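What follows draws every value from the coordinates through simple rules; no lab data is involved. No experiment lies behind these values; they were computed from the predicted model shown. Backbone-built Cβ (ideal geometry, glycine too); neighbour counts: all protein chains shown.
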There are 2 protein chains.
Amino acid sequence: MNIGQAAEQSGVSAKMIRYYEQIGLISAPHRTGSNYRVYGSDEVHVLRFIKRARTLGFSVEETGALLALWQDKSRASGEVKDIASDHIAALETKIAELQGMVKTLKHLVHCCQGDNRPDCPILDDLAGEPAHKGH
Amino acid sequence: MNIGQAAEQSGVSAKMIRYYEQIGLISAPHRTGSNYRVYGSDEVHVLRFIKRARTLGFSVEETGALLALWQDKSRASGEVKDIASDHIAALETKIAELQGMVKTLKHLVHCCQGDNRPDCPILDDLAGEPAHKGH
DNA sequence: TATAATCCTTCCCATCATGGGAAGGTCAAG
DNA sequence: CTTGACCTTCCCATGATGGGAAGGATTATA
């Protein structure tokens, strides 16, 4: 199968398949006499694994670690659990950060009249000016 | 004041100040005879505004729009409110997405023994295999 | 005053993951 | 045998930031 089919079956674009090969995440496939990459179901399976990991927010580097563990028959599941747990913690930190932003912005929007007057507490906040009215 | 002081007083690195100038977010400051950039308190005020907006997760482009509204005395606060509201919606979408990832990962981690046995439901999920045990 | 340390300047490169597109070779169907 | 769809490699762009080199300017110290 050519790279186009492999892309379609795995959900990973042909561009990205070549990129993953280039950075060593996947190994170089066989080539036809005319230099086309040839993939089989094993390779597509690997690509699907990568796609799923990326969808779950693992970085390419983390995905590589998970892939190595997946392909290592004698691996210990503890390592995988650690990677996943670390990733959960990182995601939760990010979520908390975004929630902090939302909270602040909602407060500002709530204070803002949103009419045609130039007075705007959102801009005042950005400019570092003290709030004039509590709520 | 030189760029170093302006950076210190605004919390924006000298590198980024030059970058913001380059992309037109801020205007080019005066230069000394020896080609040093010179900043005053007005410029620092602008940089603080930018810093605050970036901290709240606005993109540089959005920050530029807010900056223009801030500097436009006849602006309507409704425009600002719209930008902020859109940004809140985008943040909330992102948060929901991350929460979805966390939920899936927590489920997988919960199912994983985390011991030295090679059996690992997390990897099985990534590989697209059906789960064997409910919970 | 001479020299060293600290600043400033521009310029290039790297990140991370992805896409766009050009120039050119290959293959299959009509 | 032509046409269109595919493949190849190579370069460039994103967004926001940092690193670092090479060289000029200023400031502090010996």
Note down the magnitude of the dipole of chain B about its Cα centre, charges +1 on Lys and Arg C-beta and -1 on Asp and Glu C-beta and zero elsewhere, to the nearest 20 debye.
560 debye
Rounded to the nearest 0.05, what FRET efficiency is calculated for A:D115 and B:A89 with R0 set to 30 Å and r the Cβ-Cβ distance?
0.90
Dipole of segment A:4-135 (Lys/Arg Cβ +1, Asp/Glu Cβ -1, origin at the Cα centre): which of A:T93, A:Q71, A:Y36 lies farthest to the positive side?
A:Y36
Could you give the dipole magnitude of the protein assembly as shown about its Cα centre, charging the beta-carbon of Lys and Arg +1 and that of Asp and Glu -1, in debye to the nearest 20?
280 debye
Quick one: with label points 7 Å out along Cα→Cβ, list the inter-copy distances for B:M1 in nm, shortest first?
6.1
If B:K81, B:K94 are placed from fewest to most neighbouring beta carbons inside 10 Å, the sequence is B:K94, B:K81
Identify the residue of chain A whose Cβ lies closest to the rotation axis that maps chain A onto chain B, and give that distance in whole Å.
A:I95, 3
Spin-label point model (7 Å from Cα, Cβ direction): what's the A:Q5 to B:M1 distance in nm?
6.6 nm
Suppose R0 equals 25 Å. What FRET efficiency, 1/(1 + (r/R0)^6) with r the Cβ-Cβ distance, do B:V38 and B:S59 give to the nearest 0.05?
0.30
Based only on other Cβ atoms within 10 Å, what is the fewest-to-most ordering of A:Y19, B:Y20?
A:Y19, B:Y20
Considering the dipole of the protein assembly as shown built from charges on the beta carbon (Lys and Arg +1, Asp and Glu -1) around the Cα centre, which of A:P121, B:L105, A:L47 is farthest to its positive end?
A:L47
Tell me the distances, shortest first, between A:G24 and the same position across the other copies, using label points 7 Å along Cα→Cβ, in nm to one decimal.
4.2
Computed over chain A, the relative contact order (Cα-Cα under 8 Å, seq sep at least six) in percent reads 14 percent
Here the correct list, in nm and shortest first, of distances from B:T93 to the same site in the other copies, label points 7 Å along Cα→Cβ, is 2.6
